[in-house]
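In what follows, a single structure is set out as structure tokens and then discussed.
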Amino acid sequence: MAKSSENRTQSLNQEQIKSFQDKGYLVIDRIIDSSDFDLLISVISDVVDQQAKHFYEEGRISNLCRESEFDTRWYEILKQFSGQNEVYGWHTTVCGKPLFDLITHDAVLDVVGSLTNDEIQFNGDFWVRPKLPSEKLTTLPWHQDSAYMPNTEHHTHLSVWMPLVDVDHENGTLQFLPGSHKRGLRPHHRIEGEAFKSPTRDPIVGDAEVETLEMKVGDLVIFNNLVFHRSLMNQTQSIRWSVDFRFSQRGTPLAGLWHQHIACIVRSRHSPKTVASWSDWQALWESSPHKANFLW
Ligand SMILES: O=C(O)CCC(=O)C(=O)O
């Protein structure tokens, strides 16, 4: 993928690094040119198109909604038969070079590299999330990522989350509790009927500040595995699409993570020859259990 020359690819400055360390997350505005998402959006749109044709052939829908926009089509298709997302995130269906090009985008790696000494492993985890209007499945409770990723709490794991449409309080953006990572991993438990584990105790202590992110396409938020965050209900009539992936410093243990088979080095100043190309990663993907295990 041609990485737009207009991207302000740059390392984080000291102030940004300190803010990340203090708050556990950092938002960076306009770091990626919105056109750099075009190929991934095209992959997603193809999946939507294939699904629409499938539902049409099954007689479940009468309108393929071909004229609809990216941020409404999937919803308009599902609405015709009161359908819903079967999964909280798309994985196998969106895996390909456009996704890998975003994971290894210079601007993304410059940010991650500023926090990992420029020795970066992609830990294999990635999701494209279509958050539908009023959908419970994709509305995540307060959580720390380490509560969902066994044995990760003693190392830093970094999530990069990018909206594919502008996000705000109305359409299901993320909220963060600044500084909440400093208290370590809190106990989480599963509640009957809920897809995601929740903290056993409310993480909002006293009048703790909650930050609600407002982000445009091209902005990025990076957060660590211990900061409390959640994603709000989408109260609009369009879809909140986003993409996220996870990284850590080279050498950080990944044993036990379900996606460790597709982890790879994506930047290294010390051992540049170990950096995976698209074809290296494709080979890992092809021989991993993921292709067979994920319906989406
Ligand atoms: O995208 C979302 O709605 C939730 C993302 C999230 O909570 C996470 O990546 O940990």
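Things worth noting here:
- Only helices (runs of 4 or more DSSP H) whose full extent lies in the range 53-136 are considered here, and the ones with at least 1 residues that are within 24 Å of residue 282 (Cβ to Cβ) are 97-103, 106-114.
- Failed item in (1) under 23 Å from residue 209 (Cα atoms); (2) out of contact with any Lys or Arg (no Cβ under 9 Å at 6 or more places or on another chain), with residue 172 passing the rest: (2)
- Taking the range 146-263 and the strands (runs of 3 or more DSSP E) fully enclosed by it, the elements with 3 or more residues that are closer than 27 Å to residue 30 by Cα and polar (S, T, N, Q) are at 240-249.
- The single condition from (1) farther than 21 Å from residue 238 by Cα; (2) loosely packed, with under 15 Cβ neighbours inside 10 Å that residue 67 fails is (1).
- When the range 169-189 is filtered for residues that are within 23 Å of residue 130 (Cα to Cα) and surrounded by fewer than 17 Cβ atoms within 10 Å (Cβ to Cβ), the ones remaining, listed by number, are 169, 170, 175.
- Some residue of the range 259-270 being within 16 Å of the ligand (Cβ to nearest atom), surrounded by fewer than 20 Cβ atoms within 10 Å (Cβ to Cβ) and under 21 Å from residue 161 (Cα atoms): yes
- Residue 248 among the small types (Gly, Ala, Ser) and within 14 Å of the ligand (Cβ to nearest atom): no
- Residue 148 meets all of the listed conditions (1) within 10 Å of the ligand (Cβ to nearest atom); (2) surrounded by fewer than 16 Cβ atoms within 10 Å (Cβ to Cβ); (3) touching a residue at least 60 places away in the same chain (Cβ under 8 Å) but one, namely (3).
Quick note: the coordinates plus some simple rules give every number you see, no bench work behind them. Predicted, not measured: the structure shown is a model, and the values here were computed from it. Reconstructed Cβ throughout: ideal geometry from the backbone, glycine too, with neighbour counts over all protein chains shown.
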